[in-house]
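Here the structure is laid out as structure tokens; the discussion comes afterwards.
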Amino acid sequence: MAPVLMLWLVMSLSGTWAVDKGNFKTCDQSAFCKRQRALKPGESPYRALLETMELTSTRLTLQLINDNNKVHLLLELYRLQGNITRVKINELKPLKPRYEVPDVLIRDLSLLSQDENGVVLSLGSESQRVIVSARPFRLDIMEGRDVLMSLNSRGLLAFEQLRMRKDTPLFSIHILTQWMISIFVPMKWFVFLSPSAISLDFSLPGVEHVYGIPEHADTLRLKTTDNGDPYRLYNLDVFQYELYNPMALYGAVPVMLAHNAQRTTGIFWLNAAETWVDISSNTAGKVCSSETPQTDVRWISESGIIDVFIMLGPTPKDVFSQYASLTGTQSFPPEAAVGYHQCRWNYNDQEDVTSVDAGFDEHNIPYDYIWLDIEHTDGKRYFTWDPHKFATPKEMLQGLMDKKRKMVAIVDPHIKVDSNYKIHNEIRNRAFYIKNKDGGDYEGWCWPGSAGYPDFTRADMRDWWASMFAYDQYEGSMENLYTWNDMNEPSVFNGPEVTMHKDAVHGAWEHRDVHNLYGFYVQMATAQGLIRRSGGVERPFVLTRAFFAGSQRYGAVWTGDNAAEWDHLKISIPMCLSLGLVGISFCGADVGGFFKSPSTELLVRWYQTGAYQPFFRAHAHLDTPRREPWLFGPENTALIREAVRQRYTLLPYWYQQFYHSHRTGQPIMRPLWVEYPQDPATFALDDEFLIGKMAQDDKHFTFRLFSSYPLLLIWSVLSSFQIPVFQRGGSIIPRKSRVRRSSTCMMQDPYTLYVALNPQRTAEGELYIDDGHTFNYEKKEFIHRKLFFANNMLSSEFAYPFFFLSSRLSLCFADGQESQLEFDFDASMSVLTLRKPSMNAGLDWNVMLQ
């Protein structure tokens with residue numbers, strides 16, 4: 001088993017941080033949400049026409065009829081490899097095609113054949129079935145006699161069909177004329193279509209805990225929404241966002257996990273339009289209840305079709321694998337990207353960059369990337385440099401490269417409307433801008449002033465964008481320059497809700513259909529550009545603020561413009577845990593808080609927390625005082641230094657976790673219930689978490705054996721600035737004890753293996769090594785060794801029961817060579833530490849106790 005880190009965070013809470021809610025809609029202010037939510041349980045008019053059912057080797061289809069208006073829907077049900085069921089519902093004969101999300105699913109999905117007739121469909125085992133009820137329409141997924149999940153059990157299915165508006169002059173025109181209009185006047189076609197919202201409810205018997213649907217600044221366990229707004233999924237630039245609120249933030253992943261002690265399941269609602277999610281529970285707020293728990297979830301989207309993937313687990317890891325099979329796994333970053341990142345808006349000029357870089361060396365604090373925000377450009381023209389402040393960018397980048405360090409520069413998707421700007425001219429000349437409803441280029445207001453927005457939904461636009469990262473196109477760039485995509489919700493300062501008008505046009509589709517995909521496509525195109533510039537050799541690093549399902553394939557995410565408040569530090573944990581549950585493992589929060597100025601205690605605590613989150617970056621607003629790690633006195637500098645150095649000591653372990661996440665889809669930072677799925681005490685915990693599968697220690701902390709979670713141990717460290725992190729017995733964790741100025745400088749340094757024994761006095765772990773930056777690992781150019789400690793032996797091959805009785809260790813190689821090893825053994829904690837074994841990690845070897 002791979003080891004893991006477990007971190008507890010205990011802190012005082014103070015202060016408030018409010019958003020201008022008047023800028024953003026509630027459900028009552030969103031016409032389609034209010035309309036759909038007004039439908040009461042049991043009012044859905046749909047029934048199944050069982051006589052229309054057809055069963056083929058790939059799918060089951062049947063028609064549903066709306067008894068009110070006689071409109072027919074087509075239901076398609078697919079049973080996919082890996083215990084996944086796909087359900088699609090669309091109009092049988094829509095007036096025009098409805099939007100179906102492309103590019104998110106990673107491949108054509110494998111289907112299993114179905115061999116049952118009638119209304120009961122086998123799901124691949126004798127115990128799993130789908131039962132379709134006709135009146136009212138209901139679909140039950142069964143295991144034995146137990147209902148795992150029901151669709152439309154509350155009768156909330158709604159499907160507003162496309163039709164001509166009665167208030168338009170063309171309402172009475174013959175359908176042929178409508179068809180001709182759609183060909184010759186495609187930009188006007190949308191004007192004559194009615195609302196097309198959709199809604200469907202899901203019932204989860206036996207479930208009290210549901211998770212996911214990020215991004216929200218809220219607890220890990222999702223709350224019921226009966227007495228307030230539903231959770232909203234609509235990518236928005238929310239200034240000074242509020243905590244513990246279901247309002248939308250920067251990203252949207254329409255995936256929910258449901259868990260109880262017997263089973264974990266998942267729902268993936270594949271729709272890129274504005275979406276609201278209602279949650280209710282029959283046991284919410286009841287201390288004691290004799291009712292069987294049940295959670296009901298209702299999804300409401302503004303447009304598109306119902307396309308839902310039901311992931312049936314049964315374990316948390318099964319659900320992660322099932323979702324990864326649909327949308328892909330976390331991209332495998334360069335090892336340096338797993339190190340520490342130093343950023344603010346903005347480092348002033350090249351001299352400032354050089355000074356900050358030197359400060360890290362002077363204070364013996366490692367880092368890998370220094371970042372530049374929008375002020376580094378020539379008047380907010382991306383792919384350029386300020387000719388005065390950054391006159392010789394290659395000289396600056398070369399200076400960093402000489403120290404084996406790197407830089408990230410921001411490239412936002414809003415393009416300054418300027419006839420002297422090459423990027424703008426090319427996009428305009430190629431007709432790559434998003435259009436307004438009248439057919440002209442859509443323009444909005446953002447950092448550069450008047451800006452156009454490239455249509456990243458177009459593959460040819462993305463291909464062109466990727467070409468702009470070539471070294472001969474992006475002047476001043478070098479191989480150690482990487483990219484940050486911000487403002488890609490997209491942010492439009494003078495647009496509704498600080499984003500794009502919904503009637504803007506992407507080819508055949510309105511922006512309302514594709515909105516939540518925009519940031520996904522921006523990061524996709526940018527990552528492709530960084531790969532292409534190296535001829536496909538180097539792994540990219542791209543950070544994005546906006547995201548969707550599948551964004552994990554293209555890089556990292558952060559939690560946006562947080563504040564220097566204790567509450568924001570606390571909420572960073574459930575926010576990242578939620579993202580990890582839906583595939584996005586490479587997550588972190590701005591260390592110190594973006595807005596406002598942290599107290600010294602808060603800043604130190606934030607570094608100590610950030611060092612144990614997958615993405616570790618300090619960032620600050622333009623108007624905040626400087627806060628480089630050495631500016632708060634020697635004592636605090638030492639504490640921050642220690643936190644950062646702990647990150648670098650554990651880089652082999654972190655990198656190994658990213659490799660696993662890339663290969664399997666398992667989250668890196670995970671809630672305790674994932675590893676203890678049958679323990680209800682873990683189900684709502686979100687102030688402690690695991691890195692990998694077990695817990696990691698802190699050398700300043702007093703080691704104590706524990707069998708479960710050492711909760712009482714937390715309180716003993718509150719009076720000091722120590723990090724409550726533990727290594728679990730039974731694990732072997734690789735470290736690098738020689739911390740240098742960057743991860744690249746540590747590449748050739750030796751590994752130290754920390755062996756912590758379990759009650760059976762055995763341990764296991766692994767070691768993963770590759771070149772740290774290329775795609776050569778895909779060619780099997782890596783070292784991946786399983787490590788075992790058993791039977792008086794540390795081995796990379798096998799394990800036996802073992803008792804530690806010896807005071808001598810020998811290193812034995814396959815060719816018969818043998819050498820003595822230095823070691824320390826703490827009998828009270830059953831921890832063995834080997835000193836400088838000097839062996840090739842790629843060879844077979846044993847460490848024998850004598």
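The values are calculated or read from the model by the stated rules, or taken from the named source; none is laboratory data. What you are looking at is a predicted structure, and each value in this text was computed from that prediction instead of being measured. Because the Cβ atoms are built from the backbone with ideal geometry, glycine has one as well, and the counts that use them run over all protein chains shown.
A compact table of results
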item	result
Subset tally (residues that are assigned to a loop (DSSP other than H, G, I, E, B), surrounded by fewer than 20 Cβ atoms within 10 Å (Cβ to Cβ) and of a type outside the set (Ser, Thr, Tyr)) for the stretch 738-771	13
Verdict on Tyr433 being touching a Gly at 6+ places or on another chain (Cβ under 6 Å) and either surrounded by fewer than 17 Cβ atoms within 10 Å (Cβ to Cβ) or not charged (D, E, K, R) (or both)	yes
Members of the stretch 352-394 that are in a strand (DSSP E or B), in contact with an Asp or Glu (Cβ under 8 Å, 6 or more places away or on another chain) and hydroxyl-bearing (Ser, Thr, Tyr)	none
Residue ID - nearest to Ser491 (Cα to Cα), chosen from residues in the stretch 397-456 that are over 28 Å from the mean Cα position of the chain (by Cα) and of a type in the set (Asp, Glu)	Glu443
Sole residue being buried (at least 21 other Cβ atoms within 10 Å of the Cβ), modelled with pLDDT of 95 or more and outside the structural domain of Thr744 (by TED's automatic domain parsing), chosen from Met407, Met401	Met407
Among the candidates Phe360, Phe390, residue that is among the aromatic types (Phe, Trp, Tyr) and out of contact with any helix residue (DSSP H, G or I) (no Cβ under 6 Å at 6 or more places or on another chain)	Phe360
Counted residues, the stretch 400-419 - those being closer than 15 Å to Glu475 by Cβ and part of a loop (DSSP other than H, G, I, E, B)	1
Residue list for the stretch 229-252, restricted to those being closer than 16 Å to Ile279 by Cα and in contact with a Pro (Cβ under 7 Å, 6 or more places away or on another chain)	Asp229, Pro230, Tyr231, Arg232, Leu233, Pro246
Only listed residue being surrounded by fewer than 23 Cβ atoms within 10 Å (Cβ to Cβ), under 19 Å from Val253 (Cβ atoms) and among the polar types (S, T, N, Q), chosen from Thr354, Thr329	Thr329
Which numbered condition Leu834 misses (of (1) in a strand (DSSP E or B); (2) modelled with pLDDT of 75 or more)	(2)
Identity of the residue in the stretch 48-74, in a strand (DSSP E or B) and among the acidic types (Asp, Glu), that ends up surrounded by the most Cβ atoms within 10 Å (Cβ to Cβ)	Glu54
Residue list for the stretch 475-498, filter: surrounded by fewer than 21 Cβ atoms within 10 Å (Cβ to Cβ), touching a helix residue (DSSP H, G or I) at 6+ places or on another chain (Cβ under 9 Å) and in a loop (DSSP other than H, G, I, E, B)	Glu475, Gly476, Met478, Glu479, Asn480
Within the stretch 499-527, tally of residues that are surrounded by fewer than 20 Cβ atoms within 10 Å (Cβ to Cβ) and assigned to a helix (DSSP H, G or I)	0
Verdict on Gln678 being at pLDDT 95 or above, more than 22 Å from Cys576 (Cβ to Cβ) and of a type in the set (S, T, N, Q)	yes
Some residue of the stretch 421-433 being out of contact with any strand residue (DSSP E or B) (no Cβ under 9 Å at 6 or more places or on another chain), closer than 25 Å to Asp513 by Cβ and in a loop (DSSP other than H, G, I, E, B)	yes
Output for the stretch 264-280, where each listed residue is of a type in the set (Gly, Ala, Ser) and crowded, with 23+ Cβ neighbours inside 10 Å	Gly266, Ala272, Ala273
Enumerated strands (runs of 3 or more DSSP E) restricted to the stretch 257-351, each holding at least 2 residues that are among the polar types (S, T, N, Q)	264-269, 275-281, 294-301
